[in-house]
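Below is one structure, written out as structure tokens; comments come after it.
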Amino acid sequence: FNGVDGILGFGLPRPGSEMPTPILFAMTDPGNTNSNAQSLKRKFSFFSTDDAAEVQLGGYDPDTTQGTMWYTPALSQNDFIVGVNSLKFGNSHGSSVELLAFKSETQRKFGAPSIMDSGTSCLVIPADHMQGQLSNVPWDDFARNWGKGKSFWLEIGEKTWEIPFSSWYLADTEQTCVQPSPEGMQGLLVG
């Protein structure tokens, strides 16, 4: 966040972990007598701009959104991972290059496992064929097609979101906030 400091982790508890209980689970624990949030559902919503952010506990306030909230199933019980069916890059959605060239329709429908992390400010895209699921290397296609002013289009389920140039390009330092995935990481990290 430009000008906003702080990290608040809303991760999921890990069975057998010695890490502290994540804050949402600690606050909503019915046995926690030091909390006034025991009755809240273990849901949260996160809204942010370049200079402000808001966390809503227990779900979301419909008055803070336009339209109906959309839900998608998670691919993991231990992380906020969803399937990304398409990631395009270009000047317009219609003329953009598909960065996730799945080898089969079944793989495309399932999607690339993608961690959704509000604490991450960058987009991390595969730097390999994702164990043979892709016929291309997304990072290489991005690098080959890189250009100022271009956007990403991220499809999850049947919804598509634009990630505009102003969100992934750091103008002050003239750097992209797009990175190749580290070795061994299969999928995307969406911040």
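Against the definition (open to solvent by less than 60 Å² (accessible area, probe 1.4 Å) and closer than 19 Å to residue 167 by Cα), how does residue 90 come out, yes or no? So residue 90 passes the test. Selection over segment 56-69 of residues that are surrounded by 14 or more Cβ atoms within 10 Å (Cβ to Cβ) and in contact with a strand residue (DSSP E or B) (Cβ under 6 Å, 6 or more places away or on another chain) gives a count of 2.
Here's the yes/no breakdown for (1) at pLDDT below 85; (2) farther than 27 Å from residue 69 by Cα:
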residue	(1), (2)
2	yes, no
31	no, yes
38	no, no
44	yes, no
50	yes, no
53	yes, no
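Looking across segment 110-129, the residues that are of a type outside the set (Ser, Thr, Tyr) and closer than 17 Å to residue 88 by Cβ come down to 111, 112, 123, 124, 125, 126. Restricting the first member to segment 168-186 and to residues that are under 16 Å from residue 130 (Cα atoms), and the second to residues that are at pLDDT below 90, the beta-carbon pairs closer than 7 Å and six or more apart or on different chains are 179/122. Look at segment 51-79: where a residue is within 22 Å of residue 113 (Cα to Cα) and β-branched (Val, Ile, Thr) and a partner is open to solvent by less than 60 Å² (accessible area, probe 1.4 Å) and in a loop (DSSP other than H, G, I, E, B), sitting 6+ places away or on another chain with Cβ atoms under 7 Å, you get 72/157.
Taking segment 56-109, which residues are closer than 27 Å to residue 145 by Cα and in a loop (DSSP other than H, G, I, E, B)? Answer for segment 56-109, where residues must be closer than 27 Å to residue 145 by Cα and in a loop (DSSP other than H, G, I, E, B): 91, 92, 93, 94, 95, 96, 99, 100, 101, 103, 104. For the condition within 19 Å of residue 123 (Cβ to Cβ) and touching a Gly at 6+ places or on another chain (Cβ under 6 Å), residue 111 qualifies.
Can you tell me which residue is least open to solvent (accessible area, probe 1.4 Å) among those in segment 20-44 that are closer than 30 Å to residue 168 by Cβ and touching a residue at least 24 places away in the same chain (Cβ under 8 Å)? Among them, the one singled out is 24.
The values are calculated or read from the model by the stated rules, or taken from the named source; none is laboratory data. Bear in mind the structure is a predicted one, so any value in this text is a computation, not a measurement. All Cβ positions, glycine included, derive from the backbone under ideal geometry; neighbour counts span all protein chains shown. Each accessible area value is taken on the protein alone, full model and side chains, heavy atoms only, with ligands, DNA and RNA left out. Shrake-Rupley method; radii C 1.70, N 1.55, O 1.52, S 1.80 Å.
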